Amino acid sequence: SMRSFVAAIDAKDPYTRGHSERVASYSMALSRHLGFKQEEIFRIHIAAILHDVGKLGVKDGILNKPGGLSDEEFEVMRQHPSIGAQIMSPIRMLKDIIPGIRNHHETWDGNGYPDRLEGDQIPMVARIIGVADTFDAMTTTRPYQKAMTLDYVLAKIRSMSGTRFDPLVIDAFLAAVEAGDISPPNRDSQPPAPSEVS
């Protein structure tokens with residue numbers, strides 16, 4: 001059932017095909033470097049796989065729009081975490097993973113969404129997915145940007161420690177990258193940027 005959800009997300013948003021799988025992989029590596037037990041890592045993996053399920057409720061024209069979103073379109077996009085939580089909430093056995101879906105866009109300084117949680121108020125699963133999600137977004141080609149270099153991405157993510165991200169999670173992330181447990185996808189396997197499409 002989860003694979004079906006992921007396939008539906010990938011079909012709706014082709015520029016992020018494979019995104020959920022990569023975020024899940026990065027989240028698991030991060031969790032291991034944080035010292036989590038296998039059962040916790042499994043729950044984080046499931047939450048990460050489903051973190052963008054709410055995009056099924058966002059119009060294709062917004063998801064696949066080349067260039068930046070308008071303020072109104074961005075407000076619609078910001079609803080995807082809460083939509084995802086609503087989609088999954090009837091499934092009782094997945095109640096523990098819903099915070100990873102709902103809160104993966106919260107920020108350490110309290111300026112995120114949808115609940116404006118701050119610091120330790122943010123569930124750890126959401127803090128982990130937030131870092132993994134950002135890393136994948138910056139290292140893959142999207143309709144609005146080309147993939148960035150690893151050095152640039154690491155410097156940018158490091159600079160957001162203590163503001164956007166939990167410093168503890170950032171330390172684990174950097175350790176995972178250093179150990180080779182997290183690395184960006186091969187650029188040759190990514191979809192072309194809109195300007196490269198004939």
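Quick rundown of the values:
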item	result
Gyration tensor verdict on the range 43-104 (Cα atoms; rounded if a/c is under 1.5, prolate if a/b is larger than b/c, oblate otherwise)	prolate
Per DSSP, loop trypsin sites (Lys or Arg not before Pro) in the range 84-176 with at most 15 further Cβ within 10 Å	Arg116, Lys146
Solvent-accessible area, 1.4 Å probe, carbon plus sulfur percent, for the chain	52 percent
Length-normalised contact order of the chain in % [C-alpha pairs under 8 Å, at least 6 apart]	21 percent
Where the chain is the region considered: accessible area per residue in Å², 1.4 Å probe	50 Å²
Value of relative contact order over the range 48-164, rounded to a whole percent, pairs C-alpha under 8 Å and six or more apart	22 percent
Whether the range 75-161 is rounded, prolate or oblate, judged on the alpha carbon gyration tensor where a/c under 1.5 counts as rounded	prolate
Cα gyration tensor, the range 1-153 - rounded (a/c under 1.5), prolate or oblate	rounded
Highest-first arrangement of 165-173, 131-139, 47-55, where packing means the average Cβ count within 10 Å	47-55, 131-139, 165-173
Out-of-range pairs (alpha-carbon distance over 28 Å; input Lys95/Lys156; Lys55/Lys95; Lys37/Lys146)	Lys95/Lys156; Lys37/Lys146
Electrostatic dipole magnitude of the range 1-143 [Cβ: Lys, Arg +1; Asp, Glu -1; Cα centre; debye, to 20]	480 debye
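The values are calculated or read from the model by the stated rules, or taken from the named source; none is laboratory data. Here the structure is a predicted model, which means the values were calculated and not measured. Because the Cβ atoms are built from the backbone with ideal geometry, glycine has one as well, and the counts that use them run over all protein chains shown. Remember, those area values only see protein heavy atoms, side chains included, never the ligands or the DNA or RNA. Shrake-Rupley method; radii C 1.70, N 1.55, O 1.52, S 1.80 Å.
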